[in-house]
Amino acid sequence: MKINKLGSNALPVSEVGLGCWQLGAEWGVDFDKGGAEAILQAAIDGGVRFFDTADVYGNGKSERFIGDFLASAPKASTGLLSPHGDKNPVTVATKYGRNGGIYPDGYSWDGIRWAIDASRERLQTDMLDLLQLHCVPFAILKGGKVWDWLQRLQSDGWIKGFGASVETVEEGLFCLEHEGMQSLQVIMNVMRQKPLEELLPKAADKGVGIIVRLPLNSGLLSGKMQVDTAFAKTDHRNFNRDGAAFNVGETFGGLPFEKGVALAQQLKERYTSSELSLPQLALRWLLDQPAVTTIIPGASRPSQAATNAAVAKLAPLSEETHAELSRFYQSEVAAHIRGPY
């Protein structure tokens with residue numbers, strides 16, 4: 001697994017990370033400690049050295065699973081998880097800003113300190129590796145106070161670095177103008193390519209790392225979904241497929257579900273083979289983008305974590321394939337994406 005340096009502070013992150021939204025039971029499947037540890041360990045065994053979580057995932061549940069897992073790291077089979085330092089440490093990114101009582105307009109210096117202190121307790125660390133603003137309203141970003149707070153948290157030794165998780169290119173471009181930005185987390189995949197046009201080149205120019213979420217487009221790019229696929233009531237792919245709860249782009253990348261299933265089938269038929277599956281194609285496409293620092297597919301089973309990590313071993317896609325996927329997006333997909341983008 002290739003280890004990249006994330007942003008100006010050069011935090012080491014594996015090019016394939018693990019998104020830990022699902023560990024908070026946010027995909028409609030609850031996990032006990034053993035189930036979460038099995039997924040985390042499978043990722044580690046595959047070379048993953050970057051976990052992305054948030055305080056709001058399961059109201060701290062995801063962070064606590066990760067903290068407990070890393071605290072027992074010396075027992076891990078790889079021998080590479082010592083919290084006292086090794087050549088490939090695990091970097092953990094968390095987020096702040098979507099908790100009840102904070103979102104959408106309850107942000108304060110005392111509030112962010114309380115939230116970060118709680119994250120440090122759950123993750124069992126004195127200093128967070130990376131703190132990201134968690135899709136906070138654009139008006140809050142423009143207000144400016146949150147940037148001062150982040151810089152103060154860093155100077156006071158509460159966090160090593162900071163970044164932002166955003167929903168639109170406009171928000172991302174605005175964030176890149178702020179001093180000290182280490183990372184930008186964006187929604188991007190072969191069905192949602194807009195960040196490639198302006199946002200990623202500008203991030204590269206400024207030395208800001210790119211973290212890609214929804215690399216498999218909420219599972220559409222698994223190639224296994226059908227129009228009658230059912231999701232649990234507590235799964236965002238059920239209750240937010242049309243943006244009823246939060247930004248529609250966070251679910252199936254803003255595509256209507258039925259249309260997304262049809263597009264995934266087209267991709268599968270046109271561009272995959274017995275040697276290259278649809279999820280492998282999708283993840284490899286992202287790893288081939290020079291401005292992408294790390295991708296964070298989720299996993300609800302250890303086998304998924306292992307399979308996702310193994311994509312790092314695949315050869316890059318051909319220039320011809322990249323050109324074809326760009327044309328496919330422009331001609332077949334882009335017009336169907338809904339919501340702020």
Could you list, in sequence order, the residues of the range 204-252 that are in contact with a strand residue (DSSP E or B) (Cβ under 9 Å, 6 or more places away or on another chain), in a helix (DSSP H, G or I), surrounded by 17 or more Cβ atoms within 10 Å (Cβ to Cβ) and not small (G, A, S)?
N217, L220, L221, E250
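Hey, could you check the range 99-135 for residues that are part of a loop (DSSP other than H, G, I, E, B) and touching a strand residue (DSSP E or B) at 6+ places or on another chain (Cβ under 7 Å) and say which is nearest to P340 (Cα to Cα)? Please lay out each step first, then the result.
Taking the range 99-135 first, the residues part of a loop (DSSP other than H, G, I, E, B) are 99, 101-102, 104-108, 124-127, 135.
This time we only want the ones that are touching a strand residue (DSSP E or B) at 6+ places or on another chain (Cβ under 7 Å), so: 127, 135.
Working: M127: 34, C135: 12 Å.
Going through the qualifying residues, I end up with C135.
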What pairs come up if the first residue lies in the range 327-341 and is surrounded by fewer than 18 Cβ atoms within 10 Å (Cβ to Cβ), the second is among the hydrophobic types (A, V, I, L, M, F, W, C) and assigned to a loop (DSSP other than H, G, I, E, B), and their beta carbons are under 7 Å apart, counting only those six or more places apart or on different chains?
H336/L255
In the range 165-196, how many are of a type in the set (F, W, Y) and surrounded by 20 or more Cβ atoms within 10 Å (Cβ to Cβ)?
0
Subset of the range 58-72 that is buried (at least 24 other Cβ atoms within 10 Å of the Cβ) and in contact with a Gly (Cβ under 9 Å, 6 or more places away or on another chain) - its residue that is farthest from F162 (Cα to Cα):
F65
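Hey, any hits in the range 80-87 for a residue that's hydroxyl-bearing (S, T, Y), part of a loop (DSSP other than H, G, I, E, B) and modelled with pLDDT under 95?
Yes: the range 80-87 contains one or more residues that are hydroxyl-bearing (S, T, Y), part of a loop (DSSP other than H, G, I, E, B) and modelled with pLDDT under 95.
The values are calculated or read from the model by the stated rules, or taken from the named source; none is laboratory data. Note that the structure is a prediction, hence the values are computed from the model and not measured. Here the Cβ is made from the backbone with ideal geometry for all residues, glycine too, and neighbour counts use every protein chain on show.
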